[in-house]
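The values are calculated or read from the model by the stated rules, or taken from the named source; none is laboratory data. Because the structure is predicted, anything quoted here is derived from the model rather than measured. Glycine also receives a Cβ, built like all others from the backbone with ideal geometry; neighbour counts cover every protein chain displayed.
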Ligand SMILES: [Mn+2]
């Protein structure tokens, strides 16, 4: 499996992007880098980043519009700002391609609403669709991947669930537009993570993963499989069933933990569960699933614990 970690885990503790890359190169199993754009790229020479990477590859960039776009990214009522939000994606695409990356993740942090009567929903939805098409058509060689989150920063997000993400992808109707599924965001929505994989993967639209764990009420960003071991095991089984070959990015928040061992703990947890699924075998698990039986399913989860 291909793995990447969250650079901000290092930066929020005082490190630089280059310090984070140095730590990643020492890790066991880490293969890819994932940058936020522009925050991890502005102020750096791309050649210095390339040199620091060594054997690591770049998976992609996540666009971070942040506070200047607090009234909306692609739905900003200020059309000049909206165009700047779209342009930021295009600039990010150019820099990402230069580093060898191929996935642009769009989490529309500011596209949503807080008050009744605040938003013309149909108009806003059309602005989302048109904006995503403009970005996708700018770079048909890149994967444009939509990451949903049900709420935060806004009380309601425009793209708030697996189902809404699938609807948006279908309406945008571009071969290079798909989705990135974030495990904690799915728990926050009370979406079943594996049901989401099935929907995205059967359409060939699963472009990325943000793995973590949590309790569902907020974006906890805990170490993968530390809370919901059954759901995490089911998730890994579905990744194998659908032959996922992309990168597993750990979107976790080590506030009190050291960033390097916390990233390694995520990789180790994913590897462990992946091996346990392989030992039982995807076909044998499929046999259990085909029974549609809760007791057999429960026994399967316990059998993973050995
Ligand atoms: Mn995420």
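A few points about this structure:
- Among the criteria (1) within 21 Å of the chain's Cα centre (by Cα); (2) assigned to a loop (DSSP other than H, G, I, E, B); (3) surrounded by fewer than 23 Cβ atoms within 10 Å (Cβ to Cβ), the one residue 44 does not fulfil is (1).
- Within the stretch 244-256, residues that are in contact (Cβ under 8 Å) with a residue 24 or more places away in the chain have Cβ atoms under 6 Å from residues that are part of a loop (DSSP other than H, G, I, E, B) and within 13 Å of the ligand (Cβ to nearest atom) in these pairs: 250/5; 251/6; 251/212; 252/212; 252/221; 253/221, counting only partners at least 6 apart in sequence or on another chain.
- The one condition in (1) in a helix (DSSP H, G or I); (2) within 29 Å of residue 100 (Cα to Cα) that residue 207 fails to fulfil: (1)
- Tally of residues being part of a loop (DSSP other than H, G, I, E, B), within 16 Å of the ligand (Cβ to nearest atom) and farther than 15 Å from residue 127 by Cα across the stretch 62-89: 2
- Matching residues in the stretch 151-188 - criterion: being surrounded by fewer than 20 Cβ atoms within 10 Å (Cβ to Cβ) and over 22 Å from residue 89 (Cβ atoms): 151, 155, 156, 161, 163
- Some residue of the stretch 287-294 being surrounded by 20 or more Cβ atoms within 10 Å (Cβ to Cβ) and at pLDDT 95 or above: no
- Members of the stretch 174-191 found to be in contact (Cβ under 8 Å) with a residue 40 or more places away in the chain and away from the ligand (no atom under 16 Å from the Cβ), listed by number: 174, 176, 177
- Of the numbered criteria (1) under 23 Å from residue 162 (Cβ atoms); (2) part of a helix (DSSP H, G or I), the one residue 296 fails is (1).
- Filter result (surrounded by 21 or more Cβ atoms within 10 Å (Cβ to Cβ) and in contact with a helix residue (DSSP H, G or I) (Cβ under 9 Å, 6 or more places away or on another chain)) within the stretch 137-149: 142, 144, 146, 147, 148, 149
- Any hit, the stretch 2-22, residues being surrounded by fewer than 21 Cβ atoms within 10 Å (Cβ to Cβ), assigned to a loop (DSSP other than H, G, I, E, B), touching a strand residue (DSSP E or B) at 6+ places or on another chain (Cβ under 6 Å) and modelled with pLDDT of 95 or more: no
- Qualifying residue in the stretch 205-219 (condition: away from the ligand (no atom under 15 Å from the Cβ) and under 16 Å from the mean Cα position of the chain (by Cα)): yes
Residue-wise test of (1) more than 25 Å from residue 180 (Cα to Cα); (2) touching a strand residue (DSSP E or B) at 6+ places or on another chain (Cβ under 7 Å).
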residue	(1), (2)
211	no, yes
229	no, no
240	no, no
247	no, yes
292	yes, no
303	yes, no
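- Restricting the first member to the stretch 90-112 and to residues that are closer than 18 Å to residue 205 by Cα and more than 16 Å from the ligand (Cβ to nearest atom), and the second to residues that are part of a loop (DSSP other than H, G, I, E, B) and at pLDDT 95 or above, the beta-carbon pairs closer than 6 Å and six or more apart or on different chains are 102/142.
- The stretch 242-274, subset touching a helix residue (DSSP H, G or I) at 6+ places or on another chain (Cβ under 6 Å) and in a helix (DSSP H, G or I), residue nearest to the ligand (Cβ to nearest atom): 259
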